[in-house]
Amino acid sequence: MEMSGFTIATRKEVAELAGVSEATVSRVLNGVGPMKEETRAKVLFAAGKLGYVPSALARSFAKNRSGNLGVVLPYIPKARLFSSYYFSEMLSGIGSIVREHGYDLLLLFRSEQEQQEYESFFRAQKVDALIILGSRDEPGEREAIRKLQDAKYPFLVVNQHFEGESFPEVDVDHEEGSRQAVNHLIRQGCNRIGFLNGPLSYSNSVDRLSGYQKALEQGGHDLTPTYLFEGNFSRRSGYEAAEKMIEHLTEMDGLFVANDRMAIGVLQKFREQHIPEVNYPKIVAYDDSDAAEITVPPLSSVRVPFYEMGTIAARKLLQICDDAVQTNKWFDDPVRELLQAELIVRASSDGTRV
């Protein structure tokens, strides 16, 4: 950049010369968070060579930063949260970008019984940005997120949509993914298709129900209320729901399940009741976790790009933080990302079972 005959170096030029990200340049020059000495030396050398000095506004703003990207997770006593494919993949994606940008990852747990106060994380300078996972569409949750938005704090809601709100979000088209799953069962000759869903306080459960209904309608099939079951995404809830399914197995020839863990619970119950595999309904699950390939029979499942969701959310948030060092403005352009799911067909639904 040139001004009055002088050349003013930019942070981008310093980053390119040092071979690091612009966020790392900001952190080194403003003394924010931990940093490898080798990286710090590269940045200082590049800044000195180019004569780069951050503005007073940028220095003042950056010094109030924690160097942490926060991730809010639900606290569920005795739940093996990190064994969940959804959370493990999402956190892996987020962590890969956080590390790349020289930030730290701070996990924050919320209890469903406590009133949410997400603003307090920012006021206490615990985090520079916030990713909210596992949120439900409930009045207290909506209000807490509205306060974040009104205060212009940088945050993203991931895998949850709040109808009527304009919260920044990264999500998947679960309605279309579910429609694909049920269409596949119809193409396999299924006429009476059951559905094991999660709680409707999650928007992805609402979307999956909508996709299921649309596929039935488009295929000329009626929805049978007695074929609708609800779990809570755990293996145990699938196991318990299967107890109710068994009385319909002579008529229900297809089954769509809202995640792999519940489908595994269903298969476990069928085996314990000594139901011959040939009498199982054709099954399609959701998520396409590693476990889907090793069940008996291997599960057809809708693949959800959880890792990619995590990387996109973290990258966008950290870019917003990085830009704010220079502009002191947040969310000039609201973030809205909708990713696509993909049906993966295996033996549980393709007619190849013995």
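Please treat every number below as a calculation from the coordinates, not as lab data. Since the structure is predicted, the reported quantities are computational estimates derived from the model, not experimental observations. Note that we place each Cβ from the backbone using ideal geometry, even for glycine, and neighbour counts take in every protein chain shown.
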Problem - Inter-site label distance for LYS214 and GLU342 at 7 Å from Cα along Cβ, in nm - result: 2.1
Handout entry: Rg/Rh (Cα only; Kirkwood hydrodynamic radius) as it applies to region 268-315
Key = 1.18
Practice task
Tell me which residues come under 5 Å, amide H to amide H, from LEU339 once H is placed; ignore anything under 5 positions away on its chain.
Solution key: ASP171, VAL172, ASP173
Completion exercise
In nm, the gap between the two label points placed 7 Å beyond Cα toward Cβ at LYS147 and HIS274 is 5.8
Completion exercise
Of the listed pairs LYS126/LYS147; LYS12/LYS126; LYS49/LYS126; LYS147/LYS316; LYS214/LYS269, those with alpha carbons more than 23 Å apart are LYS12/LYS126; LYS49/LYS126; LYS214/LYS269
Practice task
Ratio to report: Rg/Rh of region 75-203, with Cα atoms as the point set and Rh obtained by the Kirkwood method; give two decimals.
Solution key: 1.03
Completion exercise
All alpha-carbon distances of region 201-281, grouped into 10 Å bins from 0, give the whole-percent distribution 17, 49, 30, 4
Problem - Mean shadow area of region 155-197, taken as a quarter of the surface of its Cα convex hull (nm²) - result: 4.0
Practice task
For an R0 of 22 angstrom, estimate the FRET efficiency from the Cβ-Cβ distance between THR10 and LYS36 and round to the nearest 0.05.
Solution key: 0.40
Exercise for the section: Please grab the % of Cα pairs in region 190-347 that end up more than 29 Å from each other. Expected result: 28
Problem - Candidates per GluC sites (Glu not before Pro) in region 143-182, loop by DSSP, up to 10 other Cβ within 10 Å - result: GLU163
Exercise for the section: Could you please tell me the mean projected area of the C-alpha convex hull for region 130-241, averaged over all directions and given in square nanometres to one decimal? Expected result: 8.1
Fill in the blank from the handout: Expected vector for region 96-103, Karplus 3J(HN,Hα) from phi with 6.51, -1.76, 1.60 and θ = phi - 60°, integer Hz, x for Gly and Pro, equals 5, 7, 4, 5, 4, 8, x, 9
